[in-house]
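Below is one structure; the comments refer to it alone.
The values are calculated or read from the model by the stated rules, or taken from the named source; none is laboratory data. None of these values were measured; they are calculated from a predicted model. Reconstructed Cβ throughout: ideal geometry from the backbone, glycine too, with neighbour counts over all protein chains shown.
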């Protein structure tokens, strides 16, 4: 029996269709689960929280969604080792819910993806993210090559990792930073980070490596048609680029 | 003139969507409240004439739009009964942008949430305010807070 | 607040508010009714006969524009135009397009004005049964050099408003332009364009179908409040400082969160209707509120309507009937549905998509029904507060205007002023600081995001090589000097931009932003621009499928803005692998626009 993946719909989610599409194109048995059907979530093997503005990020990005009834099942599932992938707003929700970096025993938030710096504005920019840990550190990235460089779009107003100083040390030492921002050639420097994120962080994983909270949208540069350099002839509709992250996720689900 | 510390409140006079969302979220958390008010509260250091502070802020288009906002100066730099203030620990705004506020040398914005019970009285139970603050209004990793019960 | 409003209170309100209806129009109404109009009727006619709703000053001119062509599925006349795109997997797909201005609200409350502009244009496309797949914005601002100026504030807040709304609802902003000219100092322009995708057989029309007698009228969305009261007349009056108090009532509060959910719930309803092969009618609520929307939906199907205003979900108790009738509260749609489907529709909006939890008292509610008798009747707690012939209500009288016979070419208005020269640096630099605030890639269908080429391109049908290109154009400098040539050039430039990415231009939309039509020279500019649009479109054999007119754009001294015929061109692409684009600009702190959009 194939293992089913739930793509969660919060009120205000806006990236659900492309997220479902790339999961399916990568062979995943994925479907939407709507916020009024929280009780259906338990039967799924893995969870994806897509991007958007759940509850319009009122109060704080992800703050209200982190208390949605759906998150009880996600938290329990993460505790059982189920795979959880949060993208952009989904990542913000995972941090608010304390699932990533997940360093507090009582699942309290220890960090946040918060307003960009130096300017507190929404940015939409094409970026690259580079795998900053050995692939097996996080089950979701296990099939990626070392130093994998993935194209994606940063499209957020709140993408800067922020935490108290001692927590940033814990995050760094515990190898929780799964991806950092990089240039197209793989160079990692401050200029590659579009939002002032601490540690150049683009994605966080938890201690057990079954949760990944990633800010940039790999699913928006995930088919040849999304990228001029790959926009050619017969394969224009094929998955490529950012799709490798979802292939790795789907593979991890199948062996989980 | 020596700088004076002032507490300024800017409130929406049109329907406040965030306050309604907060109310629904609190009820989902099982925190019983009847109503939520929401405002931005600035603590500022002002060298100008206190009597003109409101009118100076009202000239600043970045902070104030007469069609949307009401400004008032509070007599105390502490939350009111039932009120929670949260602020980002790493955000200090030294100068305010735009005109009218050149005499303001230091300003720090805080978010105010004021909770009222079903009878319309300010929320007075410590537990209600503590839970509302720490489970919803504040992310302890990046924000500090103050509330009055 | 739980104050109850007595009938006397609402009558006082009428006397205080200024209505835009002319004395002649009021007389005409009284004559037709054979009695003095009720307060609600006065407000209703004021909204329905406003320029904004009726195009009473512009209709005759607009008729000259070509609107037919082999790709045209639906020309101007409903909320949006529809063009045939191509076939995929045996289905015929169409592009839906709408183009509107939100100029006056954006001048007074720039963030909210621009945001609600996006909200409105998205509903225009949504109500045709389409998925909304793209946005574009054409912005014209004044002299923004002084950081403390109102113009700078407007330029910044408008972009923030468009970005906040478009990003949250998840529609990529793929095209647009911005220019700066001192002629917009007191009257900025905010034009927005939305694109949709729909299968030809699933198009939803904005009129009640022939079998619609007795159908339910379902109002869906935000609770009605007084915030947008008087908006239709508002956008048809010049702005001046004295009127500021009156203008305040027309602030519309945007709620993109509610719109995000409302859009997806509407998609669900349409899917359900298509699955059951039910033809419903839908229209978005804009100027004229519940009254304007329901009257047009029913009148254009040859029916009348009866609505109980006290059933309208309201934000505060005790709203007077005229506010419930014509208030312009955002994020609302109206559906005409066969009775057997009503329960399921209510369930979708209120339970599955939990509208009442998304915004205060937001919901779907049946407010009335379609009637065979061609009357438009409003009741309020049992009292009939409006009862008029629906044809009379929805057909505003023409206004005959005279135009100056002199040429409307103004060489003396050519650039050369200090401000004009100084603004050149803002006009001749990369638009990157502005467009990086817009989500250009949500939905994962974007092929050419903003900044990659002259036109944006999306491939909206998963698994298909079909693409849609969109570009806008309109040069205010040229408009100030020669309105006709500027309009002509706007068409040609928009078309060139679409050709430049390798797409085939298939249709046009226009928004005509002009001065006061009652002033002969302003009106002459308008006529000249229509001449230009007509000439260019006919020579290129391209139809206009949708458009909008925004008049009374003038400053406090009575000078019109630079003539601004802003044109969008829609292109079709058979195979997206053949398109062409470039690289976007890198962020550059030295870019003059980075002063405004840091």
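For this structure, a couple of remarks:
- The residues of region B:118-134 that are within 14 Å of chain A (Cβ to nearest Cβ) and under 18 Å from residue B:20 (Cβ atoms) amount to a single one, B:132.
- Those residues of region A:104-134 which are free of Cβ contacts under 8 Å to residues at least 24 places away in the same chain and under 18 Å from residue A:252 (Cβ atoms), in sequence order: A:134
- Tally, over region B:3-14, of residues that are within 14 Å of chain C (Cβ to nearest Cβ), touching a strand residue (DSSP E or B) at 6+ places or on another chain (Cβ under 8 Å) and part of a loop (DSSP other than H, G, I, E, B): 1
- Taking the criterion of being within 13 Å of chain C (Cβ to nearest Cβ) and farther than 11 Å from residue A:226 by Cβ, the only residue of region A:239-253 that qualifies is A:246.
- Residue match in region C:513-523 (condition: in a helix (DSSP H, G or I), without any contact (Cβ under 8 Å) to a residue 40 or more places away in the chain, farther than 25 Å from residue C:194 by Cβ and more than 14 Å from every other protein chain (Cβ to nearest Cβ)): yes
- Evaluation of residue B:101 against (1) in contact with a helix residue (DSSP H, G or I) (Cβ under 9 Å, 6 or more places away or on another chain); (2) within 14 Å of another protein chain (Cβ to nearest Cβ); (3) under 30 Å from residue C:108 (Cα atoms); (4) not in a loop (DSSP other than H, G, I, E, B) (one fails), failing number: (4)
- Look at (1) modelled with pLDDT of 95 or more; (2) within 14 Å of chain A (Cβ to nearest Cβ); (3) out of contact with any helix residue (DSSP H, G or I) (no Cβ under 6 Å at 6 or more places or on another chain) and you find that residue C:261 fails only one, number (3).
- Residue B:46 fulfils the conditions (1) surrounded by 17 or more Cβ atoms within 10 Å (Cβ to Cβ); (2) in contact with a helix residue (DSSP H, G or I) (Cβ under 9 Å, 6 or more places away or on another chain); (3) within 14 Å of chain C (Cβ to nearest Cβ) except for a single criterion, (3).
- Which numbered condition residue A:103 fails, given (1) surrounded by fewer than 24 Cβ atoms within 10 Å (Cβ to Cβ); (2) closer than 19 Å to residue A:211 by Cβ; (3) modelled with pLDDT of 95 or more: (3)
- Residue match in region B:73-94 (condition: touching a helix residue (DSSP H, G or I) at 6+ places or on another chain (Cβ under 9 Å), under 15 Å from residue B:6 (Cα atoms) and surrounded by fewer than 20 Cβ atoms within 10 Å (Cβ to Cβ)): yes
- Residue match in region A:89-112 (condition: assigned to a strand (DSSP E or B) and within 14 Å of chain B (Cβ to nearest Cβ)): yes
- Any hit, region C:464-486, residues being at positive phi and within 11 Å of chain A (Cβ to nearest Cβ): no
Rundown of residues vs (1) touching a strand residue (DSSP E or B) at 6+ places or on another chain (Cβ under 8 Å); (2) modelled with pLDDT of 95 or more; (3) part of a loop (DSSP other than H, G, I, E, B), yes/no style:
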{"residue": "C:401", "(1), (2), (3)": "no, no, yes"}
{"residue": "C:408", "(1), (2), (3)": "no, no, yes"}
{"residue": "C:423", "(1), (2), (3)": "yes, no, no"}
{"residue": "C:440", "(1), (2), (3)": "yes, yes, yes"}
{"residue": "C:462", "(1), (2), (3)": "no, yes, yes"}
{"residue": "C:490", "(1), (2), (3)": "yes, yes, no"}
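- Residues that are more than 14 Å from chain B (Cβ to nearest Cβ), over 19 Å from residue C:259 (Cβ atoms) and out of contact with any helix residue (DSSP H, G or I) (no Cβ under 9 Å at 6 or more places or on another chain), drawn from region C:114-165: C:138
- Identity of the residue in region C:437-455, under 17 Å from residue C:569 (Cα atoms) and within 22 Å of the chain's Cα centre (by Cα), that ends up farthest from the other protein chains (Cβ to nearest Cβ): C:455
- For region B:68-95, residues that are within 13 Å of chain C (Cβ to nearest Cβ) and either within 27 Å of residue B:136 (Cα to Cα) or touching a residue at least 40 places away in the same chain (Cβ under 8 Å) (or both) total 3.
- Qualifying positions in region B:82-98 - within 17 Å of residue B:11 (Cβ to Cβ) and in a loop (DSSP other than H, G, I, E, B): B:82
- Just one residue in the set C:338, C:356 is within 14 Å of chain B (Cβ to nearest Cβ) and either touching a residue at least 24 places away in the same chain (Cβ under 8 Å) or on the phi < 0 side of the Ramachandran plot (or both); that residue is C:356.
- Unmet criterion (only one of (1) touching a residue at least 24 places away in the same chain (Cβ under 8 Å); (2) in contact with a strand residue (DSSP E or B) (Cβ under 8 Å, 6 or more places away or on another chain); (3) more than 23 Å from residue C:153 (Cα to Cα)) for residue B:109: (3)
- In region A:35-44, the count of residues that are surrounded by 22 or more Cβ atoms within 10 Å (Cβ to Cβ), within 14 Å of chain C (Cβ to nearest Cβ), closer than 21 Å to residue C:262 by Cα and at pLDDT 95 or above is zero.
- Of the candidates B:138, B:114, the single residue that is closer than 15 Å to residue B:26 by Cα, within 14 Å of the chain's Cα centre (by Cα), surrounded by 20 or more Cβ atoms within 10 Å (Cβ to Cβ) and more than 9 Å from every other protein chain (Cβ to nearest Cβ) is B:114.
- Residue match in region A:181-194 (condition: without any contact (Cβ under 8 Å) to a residue 24 or more places away in the chain and surrounded by 19 or more Cβ atoms within 10 Å (Cβ to Cβ)): yes
- Test: residue in region C:171-179 that is within 11 Å of another protein chain (Cβ to nearest Cβ), in contact with a helix residue (DSSP H, G or I) (Cβ under 7 Å, 6 or more places away or on another chain) and in a helix (DSSP H, G or I): no
Each row is one residue, and each column tells you yes or no for (1) surrounded by fewer than 20 Cβ atoms within 10 Å (Cβ to Cβ); (2) more than 14 Å from chain A (Cβ to nearest Cβ); (3) over 25 Å from the mean Cα position of the chain (by Cα).
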position	(1), (2), (3)
C:546	no, yes, no
C:550	no, yes, no
C:578	yes, no, yes
C:583	yes, no, yes
C:587	yes, no, yes
C:596	no, no, yes
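- Test for residue B:59: is it under 18 Å from residue B:45 (Cα atoms), within 11 Å of another protein chain (Cβ to nearest Cβ) and touching a residue at least 12 places away in the same chain (Cβ under 8 Å): yes
- Residues that are over 10 Å from residue B:135 (Cβ atoms) and either in contact with a strand residue (DSSP E or B) (Cβ under 8 Å, 6 or more places away or on another chain) or at the interface with chain A (Cβ under 8 Å from one of its Cβ atoms) (or both) within region B:15-31 comprise B:16, B:17, B:18, B:19, B:20, B:21, B:22, B:23, B:28, listed in sequence order.
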